[in-house]
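What follows is a set of notes on a single structure, which appears directly below.
The values are calculated or read from the model by the stated rules, or taken from the named source; none is laboratory data. Bear in mind that the values here come from a model prediction, so they are computed numbers and not experimental data. All Cβ positions, glycine included, derive from the backbone under ideal geometry; neighbour counts span all protein chains shown. Just so you know, the surface numbers come from the protein's heavy atoms only, side chains and all, with ligands and any DNA or RNA stripped out. Shrake-Rupley method; radii C 1.70, N 1.55, O 1.52, S 1.80 Å.
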Amino acid sequence: MDSGLYQDKYRIASTRWHGYDYSQNGAYFVTICTHSRRRYFGEIQAGQAIGKAAVLTPTPLAERALTCWQEIPDHFAFAVPDAFVVMPDHVHGIIFFHKPDTNTEAAATFGPQSQNLAAVVRGFKVGVKAWATRAGVEFTWQRRYFDRVIRNEVELQKAREYIRNNPSQWSADHDKADGLFR
């Protein structure tokens, strides 16, 4: 009987798509939360006029998160950032992988994972955390992140719309127990 323990620790089921190669070309929707959903990045302000969207009043840390997202290609030439939003306690982004076609006999199955989604997300998180540490700003990311492989143009457009509308949905969604990733 499986008690969920491995070496006296509880295992957390993987959120990854079983059997999918996260180093291959494609589009990925990523959500990264702060530790304990702490609001390090600022607060959402409602639109000041009818028809105006809500926006984040960003902290310097939020501005750094945006900069780090935009700088991803400086560290991973195959990664192209797309839509992105910083929220008070998380970020959402879409990233494309555009690697040149290579005919290799078999994909690497062991060794450093430096050309996949986990490496890109890890690099982004390290960039934001390192800036916070140098600036003397208290900050911690949640250990894991959430992703979805975007499978077609319809999903891509829905993900972009979700990101664009996320600040305006904040007041309706952020306290719901069944909200996104809660």
Please determine whether any residue of segment 143-163 is within 22 Å of V121 (Cβ to Cβ), polar (S, T, N, Q) and either open to solvent by less than 90 Å² (accessible area, probe 1.4 Å) or at pLDDT 90 or above (or both).
no
Report whether or not W170 is of a type in the set (F, W, Y), surrounded by 15 or more Cβ atoms within 10 Å (Cβ to Cβ) and at pLDDT below 95.
yes
Is segment 9-16 home to any residue that is at pLDDT 95 or above and aliphatic (A, V, I, L, M)?
no
Only one of (1) in contact with a Gly (Cβ under 7 Å, 6 or more places away or on another chain); (2) at pLDDT below 95 does not apply to S114, and that is (1)
